[in-house]
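J.: My questions will all concern the structure given below.
The values are calculated or read from the model by the stated rules, or taken from the named source; none is laboratory data. Fair warning: this is a prediction, and the values are worked out from it, not measured in the lab. No Cβ is skipped: glycine too gets one built from the backbone with ideal geometry, and neighbour counts run over all protein chains shown.
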Amino acid sequence: MKKQKRFNQALIHDDIHDEDTWRIFRIMAEFIDGFETLSRIKKGICIFGSARIQPGTKYYKIAERTAYLLAKSGYSVITGGGPGIMEAANKGASEAGGNSVGLNIMLPMEQKPNPFINIMIEFRYFFVRKVMFTKHAKAFVALPGGYGTLDEFYEAITLIQTERIEQFPVILVGKEYWKGIIKWMEDTMLKEDCISKCDLDVFTIVDTPEEVVSIIKKSRF
């Protein structure tokens with residue numbers, strides 16, 4: 001009986017090992033697909049924001065207009081490929097005749113790609129997708145969003161702060177929306193000496209699409 005139990009445990013261990021091994025190949029495949037597809041994308045601007053923002057609302061219109069102006073200026077617009085702010089940005093870029101790129105993530109709730117994408121890649125792994133955003137971006141533009149938007153924002157400013165990547169424009173859109181978290185960064189993180197004053201200079205806060213485009217155009221990227 002003991003021998004049988006040990007044999008079964010060995011089989012389980014081998015199954016786990018095999019699963020991890022094949023996962024490595026799936027990860028490699030996603031990196032290769034992403035690098036090959038996005039290598040053709042020039043002057044990419046990543047636009048982030050909530051998937052819950054509805055068409056016709058204030059920030060949806062701002063995202064759409066921002067992407068439209070960027071595409072008209074020769075930039076490619078890259079989003080997470082889903083609804084809400086992502087859809088608005090892809091719509092604006094598509095209507096301007098530009099590259100409208102969606103890096104869609106496969107989720108349990110089945111996030112469906114929006115219909116305004118003309119170049120799409122699907123990812124199983126969030127971390128691979130995040131590498132694609134960072135590697136191919138000339139700027140990050142974050143409109144109001146939730147955990148995912150904060151994740152991308154903090155990822156960018158962390159990599160800039162630690163000098164893992166060259167500094168590029170990181171722009172928050174919506175002063176009213178972001179003011180709480182900025183105040184906390186200034187009044188708590190900075191006062192507790194968890195960041196330096198210069199760390200607050202790695203991003204900019206604006207309200208209009210025209211301000212976003214102006215900042216990006218003035219950058220050296």
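J.: Going through ALA96, ALA67, ALA88 one at a time, which residue ends up being closer than 17 Å to ILE216 by Cα, of a type outside the set (D, E, K, R) and at pLDDT 95 or above?
T.: Matching residue, one of ALA96, ALA67, ALA88: ALA67.
J.: Kindly indicate which of GLY44, GLY74, GLY92 is without any contact (Cβ under 8 Å) to a residue 60 or more places away in the chain, within 19 Å of SER214 (Cβ to Cβ), surrounded by fewer than 24 Cβ atoms within 10 Å (Cβ to Cβ) and not polar (S, T, N, Q).
T.: After applying the criteria, what remains is GLY74.
J.: Also, quick follow-up: Just the residues that are part of a loop (DSSP other than H, G, I, E, B) and either under 19 Å from the mean Cα position of the chain (by Cα) or modelled with pLDDT under 95 (or both), please, taken from region 164-198.
T.: ARG164, ILE165, GLU166, GLN167, PHE168, PRO169, GLY174, listed by residue number.
J.: Search region 201-221 for residues being polar (S, T, N, Q) and under 14 Å from LEU70 (Cα atoms), and hand back the single one that is modelled with the lowest pLDDT.
T.: SER219
J.: Could you list, in sequence order, all residues of region 199-221 that are surrounded by fewer than 11 Cβ atoms within 10 Å (Cβ to Cβ) and either touching a residue at least 24 places away in the same chain (Cβ under 8 Å) or in a helix (DSSP H, G or I) (or both)?
T.: ASP201, LYS218, listed by residue number.
J.: Scanning for something under 11 Å from the mean Cα position of the chain (by Cα) and either β-branched (Val, Ile, Thr) or within 17 Å of VAL173 (Cα to Cα) (or both), does region 53-75 turn up at least one residue?
T.: Checked against the condition, which is being under 11 Å from the mean Cα position of the chain (by Cα) and either β-branched (Val, Ile, Thr) or within 17 Å of VAL173 (Cα to Cα) (or both), region 53-75 yields no hits at all.
J.: Same structure, new question: If you scan region 20-41, which residues turn out to be surrounded by fewer than 13 Cβ atoms within 10 Å (Cβ to Cβ) and among the aliphatic types (A, V, I, L, M)?
T.: ILE24, MET28, ALA29, ILE32
J.: Now for a different question. Condition first: in contact (Cβ under 8 Å) with a residue 40 or more places away in the chain and part of a strand (DSSP E or B). Now tell me which residues in region 96-121 satisfy that.
T.: Within region 96-121, VAL101, LEU103, ILE119, ILE121 meet the criteria.
J.: Still on this structure, please answer the following. If we keep just the residues of region 95-118 that are surrounded by fewer than 16 Cβ atoms within 10 Å (Cβ to Cβ) and aliphatic (A, V, I, L, M), which is farthest from the chain's Cα centre (by Cα)?
T.: Once the filter is applied, the top-ranked residue is MET109.
J.: Out of the residues in region 52-71 that are in contact with a Gly (Cβ under 8 Å, 6 or more places away or on another chain) and surrounded by fewer than 18 Cβ atoms within 10 Å (Cβ to Cβ), which is nearest to ALA137 (Cα to Cα)?
T.: Here the answer is ARG52.
J.: Going by the conditions given, is GLY145 part of a loop (DSSP other than H, G, I, E, B), of a type outside the set (Val, Ile, Thr), closer than 21 Å to PHE203 by Cβ and at pLDDT 95 or above?
T.: Spelling it out, GLY145 is indeed part of a loop (DSSP other than H, G, I, E, B), of a type outside the set (Val, Ile, Thr), closer than 21 Å to PHE203 by Cβ and at pLDDT 95 or above.
J.: Still on this structure: Could you tell me which of the residues MET189, MET185 is out of contact with any strand residue (DSSP E or B) (no Cβ under 9 Å at 6 or more places or on another chain), in contact (Cβ under 8 Å) with a residue 12 or more places away in the chain and of a type outside the set (D, E, K, R)?
T.: Result of the check over MET189, MET185: MET185.
J.: Follow-up question, since we're still on this one. Inspect region 138-161 for any residue being exposed (fewer than 13 other Cβ atoms within 10 Å of the Cβ), touching a strand residue (DSSP E or B) at 6+ places or on another chain (Cβ under 7 Å) and closer than 23 Å to GLU36 by Cα and give the result as yes or no.
T.: No: zero hits.
J.: If ARG6 satisfies all but one of (1) at pLDDT 95 or above; (2) surrounded by fewer than 12 Cβ atoms within 10 Å (Cβ to Cβ), what's the number of the condition it fails?
T.: Result: ARG6 passes all but (1).
J.: Could you count how many residues in region 122-142 are in a loop (DSSP other than H, G, I, E, B) and either among the acidic types (Asp, Glu) or farther than 18 Å from TYR68 by Cα (or both)?
T.: 3
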